[in-house]
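Working notes for the structure below.
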Amino acid sequence: MDFADALDAALAARAETTGELPPGEQLALTLSQVRSVLPTADNLGATQDDRDLYHLIDTVSDGVRSAFPGSRCQAGCSACCHYPVSLFNVAPAEWKAIARHIETTWDRERLLGFVERFWREHGPALFKMRVLGFLVTLPLPIIPRESAIPPACPFLEDDRCAVYPVRPAHCRSFGHFTVHYWWRRTPFIYGCLEQIARLREALARPGQAPLPSLNPFDVKLWGLAPGKGKLLALWTARTWPRRTLERLSGTARGGEAAKAGPPR
């Protein structure tokens with residue numbers, strides 16, 4: 001019996017003895033089941049089962065949404081894709097999953113359009129992004145000015161995530177967990193200001209289930225995705241540099257755009 005079957009069986013057994021489970025109890029049971037299989041997780045998005053860290057994070061996040069129905073984190077909200085929330089480093093293994101998804105599911109025209117837009121909107125700010133990529137690794141409350149970076153994650157298209165199935169762990173967990181850093185006495189809610197306010201209001205109600213901690217999932221992520229991380233924009237620039245435009249344009253448009261060369 002895998003994790004999903006075990007969770008369904010546990011929920012059914014509890015419901016038979018106690019009646020329909022309140023969302024808070026469902027969340028507690030879900031979290032207990034997830035933590036029992038978390039040590040054996042060995043991949044990021046590859047198996048979509050109890051061995052898949054992304055799947056486990058999604059399972060807990062779904063439980064939080066059920067236990068906190070006033071959550072802002074619903075389809076159609078892209079607050080976490082904008083400054084300053086989207087400033088976090090992505091591990092090499094997480095980026096490889098994104099790049100593989102794009103290269104196997106996007107056609108050349110779509111990739112060309114994405115790369116053209118990226119260099120037009122994000123290219124001028126890459127030096128600042130390199131500096132910010134270093135600053136976010138420091139245990140300091142540094143929040144850069146909004147004018148220092150592009151307005152949103154490069155993969156935000158029409159207010160939706162263009163790589164949603166393979167989005168990084170921190171995108172999946174945003175707005176649903178607490179995080180405890182060694183320099184803070186108490187955990188803080190990992191979310192945007194509006195989501196934090198809504199969750200705090202819900203947490204103040206009697207009998208409300210506590211939010212799960214992201215720390216155990218972060219520890220597992222570090223084990224599965226070692227290596228120096230980069231901001232998504234820096235990974236994008238490294239994987240599809242300006243000269244990629246010439247190659248893609250020549251293939252997708254019969255070579256006419258290749259003669260003109262990449263934009264400056």
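Rule-based calculations on the coordinates, nothing more; no lab input. Because the structure is predicted, anything quoted here is derived from the model rather than measured. Neighbour counts are summed over all protein chains in view; Cβ atoms, including those assigned to glycine, are modelled from backbone coordinates with ideal geometry.
Would segment 39-112 count as rounded, prolate or oblate if I go by the C-alpha gyration tensor, calling it rounded below 1.5 in a/c and otherwise prolate when a/b exceeds b/c, oblate otherwise? It comes out oblate by the Cα gyration axes.
Distances between placed amide hydrogens fall under 5 Å for N43 paired with L53, all partners being 5 or more residues away or on another chain.
The trypsin sites (Lys or Arg not before Pro) found in segment 151-247 that occupy coil by DSSP, while having at most 13 further C-beta atoms within 10 Å, are R184, R185, K228. In a fully extended conformation the segment linking R35 and K128 would gain 29.6 nm over its present Cα-Cα distance, using 0.36 nm per residue. Between the amide H of Y190 and those of G175, F177, T178, V179, distances stay under 5 Å, these residues lying 5 or more places away or on another chain, with hydrogens modeled in the peptide plane. Annotation note: trypsin sites (Lys or Arg not before Pro) in segment 30-77 located in DSSP loop regions with a Cβ neighbour count of at most 16 within 10 Å are R51. Sparse packing (at most 14 other Cβ atoms within 10 Å of the Cβ) combined with a DSSP loop state is found for the following chymotrypsin sites (Phe, Trp or Tyr not before Pro) in segment 144-248: Y181, W182, W183. Taking θ as phi - 60° and the Karplus parameters 6.51, -1.76 and 1.60, the scalar couplings of segment 32-47 work out to 4, 5, 5, 5, 5, 9, 4, x, 9, 4, 9, 8, 10, x, 8, 10 Hz in sequence order, x denoting glycine and proline. Between amide H atoms placed 1.01 Å from N, distances below 5 Å from E157 occur with A162, all of them 5 or more places distant or on a separate chain. Once both labels are positioned 7 Å from their Cα atoms along Cα-to-Cβ, the gap between T137 and V179 label points is 1.6 nm.
Listing V179, V131 from the residue with the fewest other Cβ atoms within 10 Å to the one with the most, what is the order?
Details: V179 16, V131 11.
The most exposed by this proxy come first: V131, V179.
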